[in-house]
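K.L.:
Handing you a structure now.
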Amino acid sequence: ALYPAASNIIESGDTFSYLSGVNPYELHNADPSSTYHESFFAVAPGVLPEFDNGYDGFDYRNEYSPKLSTIFKKYLKRPSIIPHEDNCHLHDDQYGHYGHQYDVDIGEHEMSYAFQKAGLKIEEYERANQEYLASDPRGLNFSAYVYVASLHSKYNEFVTKVLKNKKCLSRKMIATQLPKVKIPPNPWKKQKYCEMQSPVSLTTYCHPDEPYRRIDGKCNNLMNTNLGSSFHCYRRLLPPDYADGIHRIRLGVDNRPLPSPRLITQLLMPDLDLNDPSLSALHLSWGQVVAHDTYRTIQNLGLAIDCCRLVNPATKAQAASSYKPSHVFLDPAGNKVPIPHPECLPITNFIPNKATEMFNQICLNTVRSIACNTCSLGPRNQMNAATQLLDLSHVYGGNLINNSESLRTYIGGQLLTDFAKNGEIRMVPMSGKHDTDTLDLTPCNPPLNKPNIGCFRTGDGMRGNQNPFIASLQTLIIKRHNHHAAGLHLVNSHWYDEQLFQEARRLTIAEIVKIHFDEYIPLVLGKRLMKYFHLNVRSHGYTKYNPHIDPSSIQESGTSAMRFGHSQTRSLYKVIYDNHVHKTTIMLKDRFFNMVEVWKGQITPIVRGLLAESAKNIDPYGVIDIKDFLFFNPRRPSIVDLFSINVNRGRDHGIPAYVYLLQYCTGYEVHSWKDLEKFMPAKKVKSLRKVYRHYRDIDPFVGGLMEYHLKGSRVGPTFGCLIGIQFYHWKYGDRFYFEHGGEVGSFTPAQLQEIRKKATLANLICKTTHMDTIQVSPFEEISTHNPKIPCASQPDFNYELWRDGYLHK
Ligand code: HEM
């Protein structure tokens, strides 16, 4: 085949197909010592696979390229067999009694019948919500806006279900055809909520000359003004795999429930703390800066549902006396487990260990994510509360409704800060209604003996307090914003607060995004994938924005590949005080929503500790702090397991099994367990076989972490591809990405060169902490190639380049 030379398209953000040009047999002779000799992307040196439109800009709800359909036909053609709910079980490529292969034909009466029936169902569903709230009022503080939106989407799910039964629609029909069916006006079709699905904003006018990003991410793409904005649906690469084609979690190939997520992680992903000595722990914590900026999935009633209270011995007697709901969950062994809310997805059927025995738990709580209202029929999608762009929305407030104002001083463009007792700058403690995070009702977790040490007001609500490391990094970013605002004010004394705020925000976002692309992600993907996806920061010149690229966060990446950081997470962290001699060690499990060090202003000691220690390997292992003690709160002790939640979340969001993502990424179709040995060690395949009944059942988070790493990379082909695609879209689909030229918000050539030269992690840390020295590449271990340098040598930004007259060319 003739491939276009890389130089023709480099940095232009053109669309390309991800499916072609792969020779999987190159992998067969790979070095089995965990790294491939030959990257599967090695089509030919310096060239890229053929272009086509099979992948980019494609909307999974409306359009399927023939290439993609070869992947999903395997899972979508399976009949849905939900006992007592389906009137008809279609097989293979049947398309239903009435429907035409390409079109579903629904009469007016049938449609109005479906809406009427769904109306009754939604009343029942809403009653279930209210009953739950009456028995456990914690969820009453949940965001009314998101709650109502989720009811709207539930209504459309009910309509879909009625039509499915009435017309015997196959899963493929539901996924590919039903979303295109025009639905009549109905009480649930409110414009306000239809906005979530619509690519074009129905309410916001976008001014093309506005040089700054909006806080909510709207107006980034001037043709499709909602692309990338917060409180919108995620984007999918492949249609979802739900058991009923609508929202129920997928079943195994044999139509039986999949193995318990915790059994999988217990047997296949043991608690091994193997370090990657070449990476610092700062690299792992920085992963949360990326993740929290771009994904924020909300769970029903803000997680304030205890799905296990009718099952776990400790809560059972108490809960059962006050509340007897009729919902059940079919656990992996086929037992009916009583659940208190229809959106529960508890984890049961695992091997008891010390931790679960200690708290007498046979069930672990997991609540399903909020559905995104789609104002159309078809399968469920989920909502992203964060702006989907790399724009520091978790710092500036785009992840919460109307939160950003409460984070600013409105003087000199500054963000609000506070002082700790030791005089250090910290974030502002939470207080009052502005600080209430109505999307995540997880409580703050002060030390038992110091109940006054609270949590902080952040652009990400409670999540900014999830652990002291992410809270510290957010603090550094806030401090940096304030430096920039002050520096800009010096050269532009006539600028008012708003201009100073927006210019400082623009510069801070550019600086952090430069660090993401130049320092953080290359250490995950490696040189070849960085080049393949055109992710390298250029040494000079501009890159080009492509309005045909959708910058949205991608389901398949957010639920599996981008969670690689969970395997990097350590158990023990050092806090190293200013004399470098005095150190303490803290356990992650004791610091969830516990801000004691941050409260005391010990941000420099925390960062110093992150720099001095290594991250854990990216591998299929995890530490008990997140596998047994996630969000451990001594006031309400219970076991939460992040690895099994990751598995469950993939199923909750309808993510197809691992082999389909592998096929999407490499073009390689797995036909047997043996085939998997091309991508992962035979020992791993053997262990997978012990837990999964079929290779087409393997969950993406599990399969992806088991893959051999690609040469020069810290991830395998599937995660490498999903991460690469995601960053590619965040870069070329973002009109305000800092290197893009010719846009109203572009930096001048001189400003851009200044950012390229001075926006480094070392500089950021030196300017925002009290460190004396730092290694040149702070994400990597100290070595002769990565020596320590004095912070005093780090240059300041030359704000003169921002003096009025230089602005926006
Ligand atoms: C202290 C370390 C960390 C903890 C305690 C933690 C905890 C969590 C939790 C509780 C969730 C929500 C899980 C769910 O309900 O589905 C989550 C989601 C996620 N995490 Fe982590 N995480 C950590 C580090 C990281 C790192 C380093 C990365 C990336 C490199 C990462 C990437 C993600 C992503 C992409 C999501 C999905 C977010 C969403 O959909 O809202 N995490 N994490």
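Just so you know, all these numbers are worked out from the coordinates, no wet-lab data involved. Predicted model, so just to flag it, every value in this text is computed and none were measured. Counting neighbours? That spans all protein chains shown, and the Cβs are built from the backbone with ideal geometry, glycine included.
K.L.:
Listed highest first by mean packing, meaning other Cβ atoms within 10 Å per residue, what order do 698-709, 752-763, 237-248 come in?
P.N.:
698-709, 237-248, 752-763
K.L.:
Next question. Just going by the charge dipole of the chain, with Lys and Arg at +1 and Asp and Glu at -1 on Cβ, which of 221, 396, 492 is farthest out on the positive end?
P.N.:
Farthest along the dipole direction, towards plus: 396.
K.L.:
Please list the non-local residues whose amide H lies under 5 Å from the amide H of residue 233, H modeled 1.01 Å from N, same-chain partners needing a gap of 5 or more.
P.N.:
Distant-sequence amide H within range of residue 233: 384.
K.L.:
Using only the alpha-carbon atoms of the range 680-809 as identical scatterers, what base-10 log of I(q)/I(0) does the Debye formula give at q = 0.11, 0.17, 0.22 Å⁻¹?
P.N.:
-0.70, -1.03, -1.19
K.L.:
Dipole of the range 734-783 (Lys/Arg Cβ +1, Asp/Glu Cβ -1, origin at the Cα centre): which of 769, 746, 783 lies farthest to the positive side?
P.N.:
Checking the options against the dipole of the range 734-783, the answer is 746.
K.L.:
How much length is gained on full extension from residue 796 to residue 743, taking 0.36 nm per residue of separation minus their Cα-Cα distance?
P.N.:
Between residue 796 and residue 743, full extension yields an extra 16.4 nm.
K.L.:
Only Lys, Arg, Asp and Glu count, each charged at its Cβ (+1, +1, -1, -1), so figure out the dipole size of the range 299-426 about its Cα centre, rounded to 20 debye.
P.N.:
Result for the range 299-426 is approximately 340 debye, rounded to the nearest 20.
K.L.:
Once amide H atoms are placed 1.01 Å from N in the peptide plane, what residues at a sequence separation of 5 or more from residue 614, or on another chain, have their amide H within under 5 Å of its amide H?
P.N.:
So residue 614 has HN proximity to 281.
K.L.:
Still on this structure, please answer the following. Provide, in order from the shortest bin, the percent of all Cα-Cα pairs of the chain in each 10 Å bin, continuing until the bin that contains the maximum pair distance.
P.N.:
2, 13, 24, 28, 21, 10, 2, 0
K.L.:
Still on this structure, I have one more. Size of the dipole of the chain about the Cα centre, Lys and Arg at +1 and Asp and Glu at -1 on the beta carbon, nothing else charged, in debye to 20?
P.N.:
Details: 90 positive and 80 negative charges, 278 e Å.
Result for the chain is approximately 1340 debye, rounded to the nearest 20.
K.L.:
Using the Kirkwood radius over C-alpha pairs as Rh, can you work out the diffusion coefficient of the range 148-291 via Stokes-Einstein at 37 °C, viscosity 0.692 mPa s, in µm² per second?
P.N.:
167 µm²/s
K.L.:
Return the FRET efficiency for the residue pair residue 359, residue 120: r is the Cβ-Cβ distance, R0 is 30 Å, and the value is rounded to the nearest 0.05.
P.N.:
It comes out at approximately 0.15.
K.L.:
Which of the listed residues, 501, 455, 530, is farthest toward the dipole's positive end in the chain, when Lys, Arg count +1 and Asp, Glu count -1 at the beta-carbon?
P.N.:
Value computed over the given set: 455.
K.L.:
If R₀ is 41 angstrom, what is the calculated FRET efficiency for the pair residue 548 and residue 416, using the beta carbon separation as r and rounding to 0.05?
P.N.:
0.60
K.L.:
Along the range 403-416, what does the Karplus equation 6.51 cos²θ - 1.76 cosθ + 1.60 (θ = phi - 60°) give for ³J(HN,Hα), rounded to whole Hz, x for Gly and Pro?
P.N.:
9, 4, 5, 6, 9, 10, 8, 6, 10, x, x, 7, 8, 5
K.L.:
Can you compute the helix-only [θ] at 222 nm over the chain? Use -39500 (n - 2.57) per DSSP H run of at least 4 residues, normalise by all residues, nearest 500 deg cm²/dmol.
P.N.:
Only helices count here, giving -10000 deg cm²/dmol.
K.L.:
Something else: Pop out the ³J(HN,Hα) list for the range 458-472 in order, Karplus 6.51 cos²θ - 1.76 cosθ + 1.60 with θ = phi - 60°, rounded to Hz; leave Gly and Pro as x.
P.N.:
Result, rounded to whole Hz: 10, x, 10, x, 4, 5, x, 10, 4, 7, x, 6, 5, 5, 5.
K.L.:
May I ask you to order 779-785, 475-481 by the average number of other C-beta atoms within 10 Å around their residues, highest value first?
P.N.:
Ranked by mean Cβ neighbours within 10 Å, highest first: 475-481, 779-785.
K.L.:
If you fit an axis through the alpha-carbon atoms of helix 603-612 and take the longest principal axis of the Cα set of the chain, what angle between them do you get, 0 to 90°, nearest 10?
P.N.:
80 degrees
K.L.:
Over all Cα pairs of the range 505-644, how is the pair count split among 5 Å bins, expressed in % and running from 0 up to the last occupied bin?
P.N.:
Pair shares across the bins are 2, 8, 11, 15, 17, 17, 13, 9, 6, 2, 1, 0.
K.L.:
On a 0 to 90 degree scale, rounded to 10, what angle separates helix 717-732 from the longest Cα axis of the chain?
P.N.:
Helix 717-732 and the main axis of the chain meet at about 60 degrees.
K.L.:
On a full-extension model of 0.36 nm per residue, what is the gain between residue 323 and residue 108, subtracting their alpha-carbon distance, rounded to one decimal in nm? It would help to have the intermediate numbers written out before the result.
P.N.:
Working: separation 215, 0.36 × 215 = 77.40 nm, distance 4.08 nm.
Result for the pair: 73.3 nm of gain on full extension.
K.L.:
Order of 673, 730, 495 from fewest to most other C-beta atoms within 10 Å? Don't skip to the answer; put the middle values down first.
P.N.:
Working: 673 16, 730 27, 495 19.
Listed from fewest to most nearby Cβ atoms, that is 673, 495, 730.
K.L.:
Sorted from fewest to most neighbouring beta carbons within 10 Å, what does the list 206, 233, 375, 344 look like? Provide the component values of the computation, followed by the final result.
P.N.:
On the way: 206 16, 233 23, 375 19, 344 26.
In order of increasing Cβ crowding within 10 Å: 206, 375, 233, 344.
K.L.:
Nearest 0.05, what FRET efficiency do residue 687 and residue 785 give at R0 = 30 Å with Cβ-Cβ as r?
P.N.:
Details: r = 37 Å, r/R0 = 1.23.
The value I calculate is 0.20.
K.L.:
Only residues of the range 758-790 count here: report those whose backbone N is under 19 Å from the spot 7 Å along Cα→Cβ of residue 581, or say none.
P.N.:
It comes to 772-773, nothing else.
K.L.:
Counting other C-beta atoms within 10 Å, which of 327, 494, 341, 582 has the fewest, and how do the rest follow?
P.N.:
Going from sparsest to densest Cβ surroundings: 494, 582, 327, 341.
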